[in-house]
Amino acid sequence: MTVSSEERSRNGDSLPAAISTAIVRLLGEYTGRGPTKARTTIRDNVVVVMLEQTLTKGERSLAERGMGEKVIDIRHAFQESMRVESSDRIAELTGRRVTAMLSANHLDPDIAAEIYVLDAPPDRAAQSWQVAAEVKAELRK
């Protein structure tokens, strides 16, 4: 996994990169395969994680055979089941409480968005939250 960012925080990673990494890993744990790209942007009290190439081979196959709605339903179920865990991780990283979490998926192109609304902008101790960071993950086999 490669992480790029201009600013570094106390643990050596920018906050957006740490969030991207956490969400990629969590999705991998829940689905058996994480997305190949994640980009986190933080603006005021809103954290947006854009994910690319999130679907498993089986989900892509279903979508190609006209069962896209079932794939979206499955993805929604995954997102609901990991809502608390992902929100807790965002809260831990930002030093703020997550007041709302929204998720969306799109099949073609294969992208997803995870949006977290915080009770305030990230804690300054979390640092470099104004810089967007990219995480490119190698496919897990």
For this session: Could you list all residues from the range 64-95 that are more than 21 Å from R25 (Cα to Cα) and within 17 Å of the chain's Cα centre (by Cα)?
Result: none
Seminar exercise, completed: Of V135, V117, the only residue that is within 19 Å of L51 (Cα to Cα) and at pLDDT below 95 is V135
Exercise. Of the residues that make up the range 59-68, is at least one surrounded by 13 or more Cβ atoms within 10 Å (Cβ to Cβ), modelled with pLDDT of 95 or more, of a type in the set (A, V, I, L, M) and under 14 Å from A104 (Cβ atoms)?
Worked result: no
Problem set entry | Residue check for M101: open to solvent by less than 70 Å² (accessible area, probe 1.4 Å), at pLDDT 95 or above, assigned to a strand (DSSP E or B) and of a type outside the set (S, T, Y) | yes
For this session: Scan the range 69-78 for residues that are open to solvent by 70 Å² or more (accessible area, probe 1.4 Å) and among the basic types (K, R) and jot them down.
Result: K70
Exercise. Exactly one of (1) under 17 Å from P109 (Cα atoms); (2) open to solvent by 20 Å² or more (accessible area, probe 1.4 Å); (3) in a strand (DSSP E or B) is unmet by V48. Its number?
Worked result: (1)
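The values are calculated or read from the model by the stated rules, or taken from the named source; none is laboratory data. Since the structure is predicted, the reported quantities are computational estimates derived from the model, not experimental observations. A quick note on method: Cβ atoms are made from the backbone with ideal geometry, for glycine too, and the neighbour counts reach across all protein chains shown. With ligands, DNA and RNA removed, areas are computed over all heavy atoms of the protein, side chains included. Shrake-Rupley method; radii C 1.70, N 1.55, O 1.52, S 1.80 Å.
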